[in-house]
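Remarks on the structure that follows.
The values are calculated or read from the model by the stated rules, or taken from the named source; none is laboratory data. None of these values were measured; they are calculated from a predicted model. Note that each Cβ is placed from the backbone with ideal geometry, even for glycine, and that neighbours are counted across all protein chains shown.
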Amino acid sequence: MRLLLVEDDDRIAGPVMEGLNRYGFAVDHVKSGASALSAATADLILLDLGLPDMDGIDVCRALRARSTVPIIMITARGEETDRVVGLEVGADDYLSKPFGVRELVARIRAVTRRTHPERLAPLHTGTATGLPRQRTQLPEDRGVQHLGPLTIDRRTRGVTIDGRPLTLTPKEFDLLAQLASDPGAVHSRQQILDTVWDPNYFGPTRTLDVHVSALRRKLGDPAWIATVRGIGFRLTVPGDSTYA
């Protein structure tokens with residue numbers, strides 16, 4: 001599997017490339033946004049947001065406009081807004097600096113498992129019992145689902161509100177489909193992570209909150225996804241007491 005690392009700081013790029021090589025990944029390295037946009041095709045892109053010539057958000061937007069290649073943002077920016085914007089313009093995940101190679105590999109494998117599972121060998125990380133955790137399956141294809149003005153078509157992975165198409169990332173669609181599989185019911189954070197992410201995912205669960213925030217923005221009303229403190233989230237239909 002070939003990766004493209006877009007990182008201008010050699011002090012970061014060197015150890016990252018060395019670590020990824022040990023895990024069997026081939027890594028190409030460029031230091032600018034322009035080089036990333038002209039680079040050869042990769043199976044996945046690791047994109048730093050703090051580039052010398054372009055903002056990484058703009059690079060992500062340009063890449064997504066012409067390709068469906070998975071993109072993981074690597075950022076030292078601490079603001080949630082930056083992460084949400086990155087996800088909204090098409091990034092599949094984000095990783096905050098500083099980070100360890102094991103966590104980065106876990107993110108790469110989780111994203112690839114969702115998008116191109118045939119490219120990965122089985123993951124050998126197990127639970128405390130030594131047995132691998134089984135991935136919870138996403139809701140089965142149930143055709144078109146209508147929830148008030150919201151329409152979800154699992155066959156085409158299309159979503160509309162009042163007939164207006166929404167542009168969702170693959171992970172955002174899977175998150176919405178999971179919540180819509182039982183609207184009104186509470187879905188625990190672990191259940192969502194096991195289903196939408198991966199049972200072997202061991203990164204910070206904050207990534208779930210960032211994706212929920214991005215999905216709320218795209219749905220146009222934060223009331224669509226209610227937070228159940230200490231447990232998880234549930235899908236509601238604003239103004240409809242059926243799912244209250």
Pairs needed: first member in region 166-195, more than 10 Å from PHE233 (Cα to Cα); second member anywhere, part of a helix (DSSP H, G or I) and among the hydroxyl-bearing types (Ser, Thr, Tyr); C-beta distance under 7 Å; at least 6 residues apart or different chains.
PRO170/THR115; GLN178/THR195; PRO183/TYR243
Looking at GLU18 and the list (1) in contact with a strand residue (DSSP E or B) (Cβ under 7 Å, 6 or more places away or on another chain); (2) closer than 15 Å to VAL105 by Cα, which single condition is not satisfied?
(1)
Per-region count, region 35-76, residues of a type in the set (S, T, N, Q) and either buried (at least 21 other Cβ atoms within 10 Å of the Cβ) or part of a strand (DSSP E or B) (or both)
1
For residues in region 1-34 being in a loop (DSSP other than H, G, I, E, B) and either among the hydroxyl-bearing types (Ser, Thr, Tyr) or without any contact (Cβ under 8 Å) to a residue 60 or more places away in the chain (or both), which is farthest from LEU95 (Cα to Cα)?
GLY24
Residue by residue through region 141-150, note down the ones that are within 21 Å of PHE233 (Cα to Cα) and in contact (Cβ under 8 Å) with a residue 12 or more places away in the chain.
GLN145, LEU147, GLY148, PRO149, LEU150
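With respect to PRO70, is the statement that it is under 20 Å from PRO170 (Cα atoms) and not assigned by TED's automatic domain parsing to the domain that holds TRP197 true? If you could, list the steps in order and put the result at the bottom.
Values: under 20 Å from PRO170 (Cα atoms): yes; not assigned by TED's automatic domain parsing to the domain that holds TRP197: yes.
Criteria met by PRO70.
Among residues belonging to region 196-206 that are assigned to a helix (DSSP H, G or I) and buried (at least 21 other Cβ atoms within 10 Å of the Cβ), point out the one that is modelled with the highest pLDDT.
Applying the first criterion (assigned to a helix (DSSP H, G or I)) to region 196-206 yields 196-197, 206.
Narrowing the set further to residues that are buried (at least 21 other Cβ atoms within 10 Å of the Cβ) leaves 196-197.
Working: VAL196: 84, TRP197: 73.
Step by step, filter region 196-206, then rank; the result is VAL196.
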Scan region 60-94 residue by residue and report those that are in contact (Cβ under 8 Å) with a residue 60 or more places away in the chain, at negative phi and of a type in the set (Gly, Ala, Ser).
ALA91
Residue by residue through region 164-195, note down the ones that are at pLDDT below 90 and charged (D, E, K, R).
LYS171, ASP182, ARG189, ASP194
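Go through region 224-244 and report how many residues are part of a helix (DSSP H, G or I) and under 26 Å from ASP93 (Cβ atoms). Spell out the reasoning first.
First pass over region 224-244, keeping only residues part of a helix (DSSP H, G or I): 224, 241-243.
Going one step further and asking which of them are under 26 Å from ASP93 (Cβ atoms), we end up with 224.
So the count comes out to 1.
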Return yes when VAL101 is over 13 Å from VAL210 (Cα atoms) and either modelled with pLDDT of 85 or more or not assigned by TED's automatic domain parsing to the domain that holds ASP55 (or both) and no when it is not.
no
Exactly one of ALA42, ALA62, ALA76 is of a type outside the set (Phe, Trp, Tyr) and at pLDDT below 85, and that one is ALA76
All positions within region 35-44 that are in contact (Cβ under 8 Å) with a residue 12 or more places away in the chain and farther than 17 Å from VAL101 by Cβ
SER35, ALA36, LEU37, ALA39, ALA40, THR41, ALA42, ASP43
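Return a yes/no flag: does region 223-230 have any residue that is basic (Lys, Arg), over 20 Å from VAL111 (Cα atoms) and at pLDDT 85 or above. So that I can check it myself, show each step before the final result.
First, the residues of region 223-230 that are basic (Lys, Arg): 229.
Going one step further and asking which of them are over 20 Å from VAL111 (Cα atoms), we end up with 229.
Within this subset, residues satisfying the condition of being at pLDDT 85 or above are 229.
Looking for residues that are basic (Lys, Arg), over 20 Å from VAL111 (Cα atoms) and at pLDDT 85 or above, one finds at least one in region 223-230, hence yes.
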